[in-house]
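A short reminder: the numbers here are calculations on the coordinates, not readings from a lab. Remember, it's a predicted structure, so these values are computed and weren't measured experimentally. As a convention, Cβ positions derive from the backbone with ideal geometry for all residues, glycine included, and neighbour counts pool all protein chains shown.
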Amino acid sequence: MSKNLFRTEISKIAPYVPGKPISEVKKEFNIDKIDKLASNENPLGPSPKALKAIKEAINTVNIYPDAAAMDLRAKLADFYGLTINNVVVGSGGEQLLDFVARTFINPGDEAIMADVTFGLYSSSVTIMGGVPIKVPMIEFKHDFKQFVNAVNENTKLIYVCNPNNPSGNIMTAEEVNYLVDNVSKDIVIVFDEAYYEYAKINQEYPNSLEILKKRENTIILRTFSKVVGLAALRVGYVLTSEHISREMLKIKPVFNVNQLAQVAAIAALDDTEHINKTVQLNYKCMDLMTTYFDSKGYKYMPSNSNFIFVNIGVHSKEVFVELMKLGTIIRPGYLWGCDNWIRVSTGTIEQTKRFINNLQKILK
């Protein structure tokens, strides 16, 4: 076989490692009841309004979806006070991150990002022949002064995960404005706000839409996977300027968002009751966990997302396995090079209490 059969960029990346599925853990450990607190999903389930819309549309699945997703884009444009030409929709945030890299990155272009953040930034840039520039964090905070210092003539993109994944903490408006004010307007800043609905209750959280209005080389990425509970349908969106959306739409697969996802997302945007219940439950469970962590002296990051990152003082791979044996799935921090940290999603009150009880059994 020719050594040149595959693209050289592929050899530079490793497959993304998702959270373990419930079915796999049940089979591996012979357990019936599993609490999956690994993938930052909505423990209350999907938006009821979205489910109603899916039921009403289910008999139309023999028809191709609207390739342009006009109704969904129009709904999002109206929701945010933008135009339809400011909106791009995709099959989840994962596909939209791929769109970003494919739209902007030429071989040799650089993209600046934190060193402990969502891994798909790096891999999507690398696969296009770009160079990820990973800036060390300070106490799991983006060091925007070093971001600015890292900019050079090859810089094309800057990624800001806000709240950051896996640490859960936000970059404040003051911090973000420093970055915006000190980099060239020719550089595209990507604000990944997958957990926006959880974060916006913090008064220090930046208003990225205001940044977009003043700075056209801005991309805001949000999703329907988290707070409205449509993770399996794979639907997310980008808010950006018209000149960027026009180019991104050129590389979009024709039917990239299925019809059920489109109607569900439209309905979910109006489901404020479900969104509010989800956010309220999230912070109740967060309080349960932080109260326990404080009692044990475990260091954790203040979170404005639906997960928390905590240092439990022993290697996370061991804790990950032992928790699975007891029926709780979490994300071990060693995947990000943070050996003694674990990331735990908020679940229901009962799931959160079981996690705390199981962690106590392991860390006696």
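Its relative contact order, with pairs defined as Cα atoms under 8 Å and 6+ residues apart, puts segment 48-270 at 30 percent. Compared with the alpha-carbon gap, the fully stretched path from ASN59 to LYS26 is longer by 8.5 nm at 0.36 nm per residue. Within the chain, the percentage of alpha carbon pairs spaced more than 36 angstrom apart rounds to 22%. When CYS285, CYS338 are arranged by Cβ crowding within 10 Å, least crowded first, meaning fewest neighbours, the order is CYS338, CYS285.
Among the listed pairs LYS27/LYS361; LYS134/LYS353; LYS20/LYS284; LYS141/LYS361; LYS49/LYS214; LYS277/LYS361, those with a Cα-Cα distance over 27 Å are LYS134/LYS353; LYS141/LYS361; LYS49/LYS214; LYS277/LYS361. Computed about the Cα centre, the dipole magnitude for segment 48-270 is approximately 580 debye when only Lys and Arg (+1) and Asp and Glu (-1) carry charge, each at its Cβ. In plain terms, the chain from ALA67 to LYS364 could stretch by 101.4 nm, reckoned as 0.36 nm per residue minus the Cα-Cα distance. Dipole of the chain (Lys/Arg Cβ +1, Asp/Glu Cβ -1, origin at the Cα centre): which of SER184, MET301, GLN351 lies farthest to the positive side? The residue sitting farthest along the positive end of the dipole is GLN351. The order of ILE362, ILE251, ILE244, going from fewest to most other C-beta atoms within 10 Å of their C-beta, is ILE251, ILE362, ILE244.
Among the GluC sites (Glu not before Pro) within segment 61-165, which fall in a DSSP loop and have no more than 10 other Cβ atoms within 10 Å of their own Cβ? Of the GluC sites (Glu not before Pro), the ones in loops of segment 61-165 whose Cβ has at most 10 other Cβ atoms within 10 Å are GLU139, GLU153.
Using the Cβ-Cβ distance between PHE79 and LYS141 with R0 = 45 Å, the FRET efficiency computed as 1/(1 + (r/R0)^6) comes to roughly 0.90.
Between the listed residues ILE31, SER91, ALA67, the Cα displaced farthest toward the positive end of the dipole of the chain, a dipole computed from Cβ unit charges relative to the Cα centre, is found at ILE31. Label positions at LEU120 and ASN276, each projected 7 Å from the Cα along the C-beta direction, are separated by 3.1 nm.
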